[in-house]
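K.L.:
Let me begin by handing over the structure; questions about it come next.
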Amino acid sequence: MTMPISQLIQKSMLRALTLGLLSSLIIATPLLAAEKPAHHAAHDAPAPATLVQAVRNGTRQYINVNNATAAGYGSFLGCVAGTDHGAMGIHYVNGTLLANLTLDPAQPQALIYEPDNGKMTLVGVEFILDSATWLAANNNTPPVLDGQVFNFVGAPNRFNIPSFFELHVWAWRDNPQGSFVDWNNVVTCDNQ
């Protein structure tokens, strides 16, 4: 029987997440210069959905990464780039939120920042829930937040952790593929 993520976190301070979820994603594949726009309107872009707006309203205080760390978010492993396109950025994960079943646009389990020569720009968030714990507490119904169904990642998986649900919300950087798609072609790890 696999141990839920919440118990792993309590025993090893996010070790399973750190070693599994994020480390498998970190692949240094730089984006082509043509893919990166000359100017990012990171904090001025229009919100295409009510969830995007709710996340933006709820996480505005985390534009400054120092406020995120003061609130219990911590950086994990570095910038996450895609193997064939796009990136996510650097995940700042809150272990307390990861260990519970929070579905609140103002309390995502992870904040995502794009590094740019020492400056961190908030670009999005990720909601992460242990699937066994969630399903047991919610009558086997998958999580949905403001109409957005979470992605299910089953076990065994490349992260070597129990199955989980996840949802990215690109609230602070437009994503040409959609506001809830995992990879964003206008986010880069090139300028760490």
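Where a number appears in this text, it was derived from the coordinates with a stated rule and is not lab data. Since we're looking at a predicted model, the values are computed, not measured. Using ideal geometry, Cβ is built from the backbone for each residue, glycine included, and neighbour counts are taken over all protein chains shown.
K.L.:
Between Q177 and N139, what length in nm is gained on full extension when 0.36 nm per residue of separation is reduced by their alpha carbon distance? Provide the component values of the computation, followed by the final result.
P.N.:
Details: separation 38, 0.36 × 38 = 13.68 nm, distance 3.20 nm.
Full extension of this stretch gives 10.5 nm more.
K.L.:
Please give the contour-minus-distance gain from D190 to D146: 0.36 nm per residue of separation, less the Cα-Cα distance, rounded to one decimal in nm. Walk me through the intermediate numbers first.
P.N.:
Numbers: separation 44, 0.36 × 44 = 15.84 nm, distance 3.31 nm.
Taking 0.36 nm per residue and subtracting the Cα distance, the gain is 12.5 nm.
K.L.:
When the label point is put 7 Å from the Cα of A70 along its Cα-to-beta-carbon vector, which residues of the range 113-135 have a backbone N closer than 13 Å?
P.N.:
It comes to no residues whatsoever.
K.L.:
Quick one: which residues, 5+ away or cross-chain, put their amide H under 5 Å from the amide H of L145? H built at 1.01 Å from N.
P.N.:
Residues meeting the criterion, in which the H sits 1.01 Å from N, are F150.
K.L.:
With a bin width of 10 angstrom, please list the P(r) values of the range 64-192 as percents of all Cα-Cα pairs, from the 0 bin to the one holding the largest distance.
P.N.:
Taking every Cα pair in the range 64-192, the percentages come to 13, 43, 35, 8, 0.
K.L.:
Right, here's the next one. Ranked highest first by average number of other Cβ atoms within 10 Å, how do 162-173, 179-190 line up? List each step's numbers first, then the result.
P.N.:
On the way: 162-173: 23.5, 179-190: 20.2.
Output ranking for 162-173, 179-190: 162-173, 179-190.
K.L.:
Note down the relative contact order for the range 75-121 as a percent, whole number, built from C-alpha pairs under 8 angstrom at least six residues apart. Before the final figure, lay out each step's value.
P.N.:
Working: 62 pairs, mean separation 15.3, N = 47.
After rounding, I find 33 percent.
K.L.:
If you find the alpha carbon centre of the range 61-93 and of the range 117-192, how far apart are they in angstrom?
P.N.:
Between the Cα centre of the range 61-93 and that of the range 117-192, the gap is 12 Å.
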